[in-house]
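The values are calculated or read from the model by the stated rules, or taken from the named source; none is laboratory data. Bear in mind the structure is a predicted one, so any value in this text is a computation, not a measurement. Quick reminder, even Gly has a Cβ in these numbers, built from the backbone with ideal geometry, and neighbours come from all protein chains shown.
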Amino acid sequence: MTTNLADQERTRRRASATADEMRSPASRRSCLEVSFARRPDPESSGISEADAAWPQRMRRLARASLTHWGRSDLMETAELLLTELVTNALRHARGAEIGVRFYLKDDQLVIEVNDGSPLVPVPRPAGPDDENGRGLLLVEALAGSWGVSADGTTTWCTLPLTKGPSDMEPAAVTAPVLREMPLDLPPDSSAVTIARVSGRTKLTMLDWHGNGHAAIAVLGTLVDNAVAYGLTPGKTRQSLSARLGVTEAQQLIIDVTDPNPLFPNFAEAVDGTIGRGLWNARQHGARLSWFVASDFEGKTVRATFQPGRVDL
């Protein structure tokens, strides 16, 4: 199916293919392809206002595709990876057109962005106050793998489709949230005590039928981790927040959001190889996961509890 969109965008969705056919780019089982003309501003060396709208458009297309393919569990990370690659392409492109391919192949989601430039992109360190420069570092941290085509024009990355252990499955909650309570926290060490005290009140108001002592202990652990590793010392105007919610299935969801979008050693933290905080949270019966916050300016660590008492 071909859909003609504005700005010379061309979108093609393809039907399922056999495993042998999937070796060919022309026969991927689920594929979104888009190309759009650049509209650089001759008065500026940065991204023009017209071009700056494309990352958000691509996120919407990616979200719709993943929903259609039944892979909404990949949505948060895939949207961020796609945004970073498209933004990077717009910033450094030499050609008149950007090409994007977003598809499922074998056991992975593949994202390819062609900017027409033979210059190979390289991650570069960025200071804590830099507004740019973290794009490829995020890709390197979040993607299963990434690289550049032999001619330098296409940057690609992958996300695995196979699920890991049950306590580190994607963070998406299938049951709708019925009730939720936000916690506004100060970006300093006092947030831990405030979260524990306020969390007890919020949990009572939510009327969740489960192990409240374990839930508050895990809330405190997640906030403590966010203060220790999610905040940049000395940096002003940082934010820290938490949210408690109860789903239709009576799950308790604890979300703690901090400004640092990276969590490269999450698996090691959960299994106790690095530190004991998240490992202890796991022992309290929480299923742990994390994802990039929807505003792409931080991350959320999530603990999910099933209803009923937890055997410790």
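Here are some notes:
- Within region 127-148, tally of residues that are at pLDDT below 60 and either charged (D, E, K, R) or under 17 Å from Phe291 (Cβ atoms) (or both): 4
- Residue satisfying all of: in region 24-58; surrounded by 19 or more Cβ atoms within 10 Å (Cβ to Cβ) and basic (Lys, Arg); modelled with the lowest pLDDT among these: Arg28
This table checks each residue for (1) of a type in the set (D, E, K, R); (2) assigned to a helix (DSSP H, G or I).
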site	(1), (2)
Glu33	yes, no
Arg39	yes, no
Gly46	no, no
Pro55	no, yes
Leu66	no, yes
Asp73	yes, yes
Thr77	no, yes
Ala89	no, yes
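- Residue match in region 252-264 (condition: outside the structural domain of Leu82 (by TED's automatic domain parsing), acidic (Asp, Glu), within 23 Å of Arg196 (Cα to Cα) and in contact with a strand residue (DSSP E or B) (Cβ under 6 Å, 6 or more places away or on another chain)): yes
- In region 149-163, the residues that are of a type in the set (S, T, N, Q), assigned to a loop (DSSP other than H, G, I, E, B) and at pLDDT 85 or above: Ser149, Thr153
Here's the yes/no breakdown for (1) more than 23 Å from Leu137 (Cα to Cα); (2) modelled with pLDDT of 95 or more:
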residue: Val173; (1), (2): yes, no
residue: Arg179; (1), (2): yes, no
residue: Val218; (1), (2): yes, yes
residue: Gln250; (1), (2): yes, no
residue: Asn260; (1), (2): no, no
residue: Pro264; (1), (2): no, no
residue: Ile274; (1), (2): no, no
residue: Asn280; (1), (2): yes, no
